[in-house]
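A.B. asks: Structure in structure tokens, see below.
The values are calculated or read from the model by the stated rules, or taken from the named source; none is laboratory data. Every value quoted in this text rests on a predicted model; they were computed, and no experiment measured them. Please note: Cβ atoms are built from the backbone with ideal geometry, for glycine as well, and neighbour counts cover all protein chains shown. The protein model used for the area step is the full one, side chains on, heavy atoms only, and it has no ligands, DNA or RNA in it. Shrake-Rupley method; radii C 1.70, N 1.55, O 1.52, S 1.80 Å.
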Amino acid sequence: MRAMITKYITQVLGMDTLMRQKLQLKTALADALRPLKKLRSFGYYLKDLVNSDLFRATYLSGNLPGSDTRIKVLFLGNANQIHTVNKIFFDSSNFQQQDLGPINPLGQHQEQSYPELSDIDVVVTNHLLWARPPKKGVYLVPMFLESIVPLPATIEEFLSQVSETERRKTRKALKAGFEIEFGETETDYREFYEQMWLPLVKQRHKSNASIHPFEQLYTEDQAARSSLIFVKSGDKRLGGLQILWPQLTGSPAYFNRIGIINEASDKQVPLNLVNIALYYQMFNAAIQREITAIDLGVVPPILNNGLLQFKGKWGANCHYVDQTYYKYQIKFCSNKQQEILQSQYLIHIEDNNLVATVGVTGEEVNTPNFEAMLKSSNFPNLKKIYLTYPDGKIETWCYTNPE
């Protein structure tokens with residue numbers, strides 16, 4: 001008997017050692033591949049530059065979000081990035097664009113090349129990787145920010161780290177009595193695509209909705225490394241969420257898509273409950289798999305963007321993803337600069353750090369609501385905020401150490 005027990009213990013210890021060795025090998029492989037991923041991104045960047053047909057002069061016009069103020073923007077850069085420029089400046093349901101012809105991606109471009117556009121408010125150009133930092137008064141802006149949520153060991157610990165408002169919403173969603181079901185078949189994915197994802201995208205973005213074909217959502221390989229989570233009430237699926245699991249040890253999981261049926265999204269309270277329930281189940285599933293972080297996707301570099309605010313409430317930090325290589329130079333050309341910055345709190349790069357410039361009128365700066373709004377955007381990677389006044393005064397504001 002003692003010999004059998006000894007043999008069993010030896011086998012278990014051997015299996016444990018083997019598992020540790022496999023984990024160490026996976027970790028080492030992931031560390032070795034990260035520089036290769038960055039090199040691959042650099043290759044894509046150079047490929048875009050060589051493909052000069054991508055680079056166009058584009059005239060954009062539309063209203064500032066939540067405003068009747070109309071602005072005009074000249075974008076000199078990669079035409080595939082027009083949608084990201086639109087998200088920085090415009091209400092997504094109210095803008096127009098006009099192609100003005102090709103440009104040399106390696107050339108220096110100025111608004112003077114387009115004399116017919118004498119009343120341009122903003123000029124946006126792609127900042128080349130090897131170019132010097134822009135001159136004073138010109139903002140260097142990341143194409144987008146990546147939002148990463150670090151995950152602790154338990155869901156209880158995770159909830160203790162989010163704001164009390166989100167904890168209260170989560171408790172309310174959990175008390176709603178939703179059931180959880182995992183989709184596994186192509187039929188499940190098609191139901192999610194047609195009845196949940198498509199309706200939500202069309203409702204949110206109207207005519208500007210970017211519709212991806214079903215084949216981009218469902219492939220056997222992607223389904224094998226993802227989870228499709230449904231929230232149900234009774235026998236009816238109300239919404240779903242797809243999360244992609246990392247292929248490399250130490251990498252974050254990726255929140256891919258979310259969808260909610262029209263019957264729920266037409267009513268604000270059910271929509272919020274289903275939305276919160278889906279996010280909670282995503283974080284819980286990732287923690288159970290011992291995933292250390294979730295990538296909630298990219299957001300525009302605007303501090304008061306609703307999507308950035310929402311993700312920040314779940315504990316997401318905004319990161320400037322350097323390996324994308326794409327950055328913009330933004331130059332204001334009219335007296336609408338202050339009004340634009342009052343509408344859109346621009347996040348930009350200064351000395352390799354993220355900062356924000358916020359236009360203020362003056363009266364609201366010392367009010368509790370304004371300060372609370374800025375503190376609600378307290379992302380660790382944001383170093384400081386510049387408050388700009390109509391008279392040209394600039395005040396620097398830090399979360400813990402005002403200057």
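A.B. asks: Being crowded, with 18+ Cβ neighbours inside 10 Å and within 30 Å of I71 (Cβ to Cβ) is the filter here, so list the residues in the range 139-157 that pass it.
C.D. replies: Matches in the range 139-157: Y139, V141, P142, M143, F144, L145, E146, S147.
A.B. asks: Restricting the search to the range 282-306, which residues are part of a loop (DSSP other than H, G, I, E, B) and within 21 Å of F89 (Cβ to Cβ)?
C.D. replies: Residues satisfying the conditions are P300, P301, L303, N304, N305.
A.B. asks: Starting from residues that are touching a Pro at 6+ places or on another chain (Cβ under 8 Å) and among the hydroxyl-bearing types (S, T, Y), keep the ones in the range 337-381 and report whichever is least open to solvent (accessible area, probe 1.4 Å).
C.D. replies: Going through the qualifying residues, I end up with S343.
A.B. asks: Would you check which residues across the range 307-350 are in a loop (DSSP other than H, G, I, E, B), of a type outside the set (S, T, Y) and within 17 Å of the chain's Cα centre (by Cα) and list them?
C.D. replies: Correct list: W314, G315, A316, V321, Q344.
A.B. asks: Within the range 57-85, which residues are assigned to a helix (DSSP H, G or I) and at pLDDT 90 or above?
C.D. replies: If the condition is that a residue be assigned to a helix (DSSP H, G or I) and at pLDDT 90 or above, then V85 is the only one that fits.
A.B. asks: How many of the residues making up the range 158-205 are without any contact (Cβ under 8 Å) to a residue 60 or more places away in the chain, more than 24 Å from the chain's Cα centre (by Cα) and open to solvent by less than 80 Å² (accessible area, probe 1.4 Å)?
C.D. replies: The number of residues fulfilling the criteria is 6.
A.B. asks: N275 passes all but one of (1) touching a residue at least 40 places away in the same chain (Cβ under 8 Å); (2) within 29 Å of E371 (Cβ to Cβ); (3) outside any strand (DSSP E or B); (4) not aromatic (F, W, Y); which number fails?
C.D. replies: Looking at each condition in turn, N275 falls short on (1).
A.B. asks: How many of the residues making up the range 222-251 are over 20 Å from I291 (Cβ atoms) and part of a loop (DSSP other than H, G, I, E, B)?
C.D. replies: Looking only at that region, the number is 2.
A.B. asks: Scan the range 333-364 residue by residue and report those that are over 22 Å from L308 (Cβ atoms) and of a type in the set (A, V, I, L, M, F, W, C).
C.D. replies: Residue satisfying the conditions is C333 alone.
A.B. asks: Residue check, K136 against (1) open to solvent by 40 Å² or more (accessible area, probe 1.4 Å); (2) within 20 Å of G297 (Cα to Cα), all met but one. Which one?
C.D. replies: If we test K136 against (1) open to solvent by 40 Å² or more (accessible area, probe 1.4 Å); (2) within 20 Å of G297 (Cα to Cα), just (2) comes out false.
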